[in-house]
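Written out below as structure tokens is the structure these notes cover.
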Amino acid sequence: MTKPRWPLLALCLLLAAGCRKDDALEPNDTFESATLLTPGSERLASVFQNSPDVFVLEAPAGKTLVFKLSSRGGEDCPEFTLLGPGEKTLYEDAEGFCSDPWKARKKDASVQASGGRGSGYEFRVGVKDAGKYYLRIQERRQADNMLGYSWDYALTAQVE
Ligand SMILES: [Ca+2]
């Protein structure tokens, strides 16, 4: 006889956000375990607090690398980091809570960032050096959130 699972179910109903399941791309929390992106093909994913998502793409010199993200639901609170060849940080968001404005702490001249919460995000990177480019997405928290926030998104990378 199996144990009744109603207490867990009741908790899930009360606190629905805490019972969302992470996506099939896991584990992809580190640069070493990054999910490989194919230019032009969309990835549907979810990022959870304390489980960042890292993506990687090879880009040739002289091109523009474009990362586009749109929201599919959940808490639209991502914090982004972009790394280029040699693990050079090209873009880094200012740290903060979900309610804080979306703004860069560090941005290389080769990067243009646009969009914002509710409208999706776009990064355009002028590729100086051929090699691997990484996008790391981390879900922000709120001061009073009891269970983890998560955000469902669609990501497409293009080489133009
Ligand atoms: Ca992850």
Considering region 48-59, residues that are touching a strand residue (DSSP E or B) at 6+ places or on another chain (Cβ under 7 Å) and in a loop (DSSP other than H, G, I, E, B), and then whichever is surrounded by the fewest Cβ atoms within 10 Å (Cβ to Cβ), we arrive at Pro52
Residue in region 124-144 that is polar (S, T, N, Q), under 25 Å from Glu160 (Cα atoms) and within 16 Å of the chain's Cα centre (by Cα) present: no
Might you check whether a residue that is under 16 Å from Tyr153 (Cβ atoms), touching a strand residue (DSSP E or B) at 6+ places or on another chain (Cβ under 8 Å), among the aromatic types (Phe, Trp, Tyr) and in contact (Cβ under 8 Å) with a residue 12 or more places away in the chain occurs anywhere in region 82-101? no
What is the one condition in (1) more than 18 Å from Val125 (Cβ to Cβ); (2) assigned to a loop (DSSP other than H, G, I, E, B); (3) at pLDDT 95 or above; (4) in contact with an Asp or Glu (Cβ under 8 Å, 6 or more places away or on another chain) that Asp76 does not satisfy? (4)
Looking at (1) in contact (Cβ under 8 Å) with a residue 60 or more places away in the chain; (2) of a type outside the set (Lys, Arg); (3) assigned to a strand (DSSP E or B), which is the only condition Tyr121 fails? (1)
For region 89-100, state whether one or more residues are among the aliphatic types (A, V, I, L, M), within 22 Å of Glu160 (Cα to Cα) and away from the ligand (no atom under 16 Å from the Cβ). yes
Among the residues of region 124-150, which ones are part of a loop (DSSP other than H, G, I, E, B) and basic (Lys, Arg)? Lys128, Arg140, Arg141
Within region 37-47, restricting to residues that are over 15 Å from Asp76 (Cα atoms) and surrounded by 12 or more Cβ atoms within 10 Å (Cβ to Cβ), the one that is farthest from the ligand (Cβ to nearest atom) is Pro39
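The values are calculated or read from the model by the stated rules, or taken from the named source; none is laboratory data. All values derive from a computational prediction rather than experimental measurement. Positions of Cβ are backbone-derived with ideal geometry, glycine not excepted, and every protein chain shown enters the neighbour counts.
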